[in-house]
1. How many residues does segment 165-179 contain that are more than 12 Å from ligand 2 (Cβ to nearest atom) and either crowded, with 21+ Cβ neighbours inside 10 Å or at pLDDT below 95 (or both)?
2. Got a sec? Which of ARG271, ARG286 is part of a loop (DSSP other than H, G, I, E, B) and either closer than 27 Å to GLU198 by Cα or not small (Gly, Ala, Ser) (or both)?
3. For segment 54-125, list the strands (runs of 3 or more DSSP E) that sit wholly inside it and hold at least 1 residues that are among the hydroxyl-bearing types (Ser, Thr, Tyr) and touching a Ser or Thr at 6+ places or on another chain (Cβ under 8 Å); which are they?
4. With the requirement that a residue be away from ligand 2 (no atom under 16 Å from the Cβ) and within 16 Å of the chain's Cα centre (by Cα), what does segment 122-164 give you?
5. Under 6 Å by Cβ, and 6 or more places apart or on different chains, what pairs join a residue from segment 133-156 that is under 29 Å from ALA71 (Cβ atoms) and of a type in the set (Ser, Thr, Tyr) with one that is at pLDDT below 95 and buried (at least 24 other Cβ atoms within 10 Å of the Cβ)?
6. Just one of LEU186, LEU192 is modelled with pLDDT of 80 or more, outside any strand (DSSP E or B), touching a strand residue (DSSP E or B) at 6+ places or on another chain (Cβ under 8 Å) and within 16 Å of ligand 1 (Cβ to nearest atom); which is it?
7. From the list ARG299, ARG271, ARG225, which residue is modelled with pLDDT under 95, among the basic types (Lys, Arg) and not assigned by TED's automatic domain parsing to the domain that holds ALA148?
8. Please specify each residue of segment 52-71 satisfying the condition of being surrounded by fewer than 20 Cβ atoms within 10 Å (Cβ to Cβ) and within 13 Å of ligand 1 (Cβ to nearest atom).
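The values are calculated or read from the model by the stated rules, or taken from the named source; none is laboratory data. None of these values were measured; they are calculated from a predicted model. Because the Cβ atoms are built from the backbone with ideal geometry, glycine has one as well, and the counts that use them run over all protein chains shown.
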Amino acid sequence: MTAAIGTDIDRAASLIAGGGLVAFATETVYGLGANAYDARAVARIFEAKGRPRFDPLIVHLGDASWLPQVASVVSPLAQRLIDAFWPGPLTLVLPKTDRVPDLVTAGLPTVAVRMPAHPSALALLRRANVPIAAPSANLFGHVSPTTAQHVAEQLGSRVDYILDGGPCEVGIESTIIDVSGGQPTLLRPGGLALEQLEALIGPIAVVDATSLENEPQLSPGRLSRHYATRTPLVIAEGNELPPAGRRAGLLTLIADPLINEFAAVEILSSRGDLAEAAANLFAAMRRLDAAGLDLIVARPVPESGLGRAINDRLRRAAVRHSVN
Ligand code: TXA
Ligand code: MG
């Protein structure tokens, strides 16, 4: 069974007000939202996704002026980031207020917040007039949805309504920066390039992903199970033939001389544009996953701009299969 899909903001907002779950489009990926102040509604998010409760959620705001409701301290540096990049694909980790239920933050003293740029997300937030807690609208550990159809396929009747805002323009989750004190730290590369952030505020510490694996409370969402396809995925530089006797698919930024050797090919951006590649990434992973392959071979992209976030998602999809 699938949930109703539509563009009815009033219906979506009244479901949120009544403790329901609404999947909605943002410019990054679709979110699975509930009233952030309603712990019972938030608990339903964890159930619907099969998400462990130690993995905290992002709180979405309809306007930057709502921030004092959920964040107790906003440093001048955090304010500069907000002024420059909100609304947009930037999540800030800040000290939380008492109004935010512990379930939202998995007991952490901080809360992750962002103001999305998608008009339908903003319309929903403003109509509901409450902050909306929302993780990506996929089952835990799977690829994030970038269309309403992706949400329906994975969550079906576990969600009360899917607010269709079309395909997500950015296509990859928000960049997460911890600005709760001390040195600003990148917790997750995402839809806003690190270079753009550093141009404004100077150097940002980058936490080694493998160290985070051992300390899930630092950034719980960086578990290796994230972004996985069911088909095993390996990362390989160019010039390597697919393994003999296996039906392999190729995930690559641009065409290369070996594409004819693969049973299926996804080219993320024929002109090598990393923003276009990010927008196509998750849908391409889903198509390859559905193609009945034995193996997906992914080529890393240049490690700059949005390439950092693309490679991060590919590595996480690959780790799952080398670990399990
Ligand atoms: O683009 C996005 O960020 C999408 C859209 C829907 O906004 N959301 C998203 O949510 O990607 P999710 O749950 O898939 O990833 C959010 C991650 C968590 O897994 C966790 O790592 C991090 O945000 N997070 C949340 N609260 C945190 C906190 N207080 N401290 C550190 N990390 C936190
Ligand atoms: Mg997610």
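1. Selection size over segment 165-179: 8.
2. Residue meeting the stated conditions: ARG271.
3. Of the strands (runs of 3 or more DSSP E) lying wholly inside segment 54-125, those with at least 1 residues that are among the hydroxyl-bearing types (Ser, Thr, Tyr) and touching a Ser or Thr at 6+ places or on another chain (Cβ under 8 Å) span 90-95, 110-114.
4. Matches in segment 122-164: ALA148 only.
5. none
6. Going through LEU186, LEU192 in turn, the sole match is LEU192.
7. Answer to the selection: ARG225.
8. PRO52, ARG53, PHE54, ASP55
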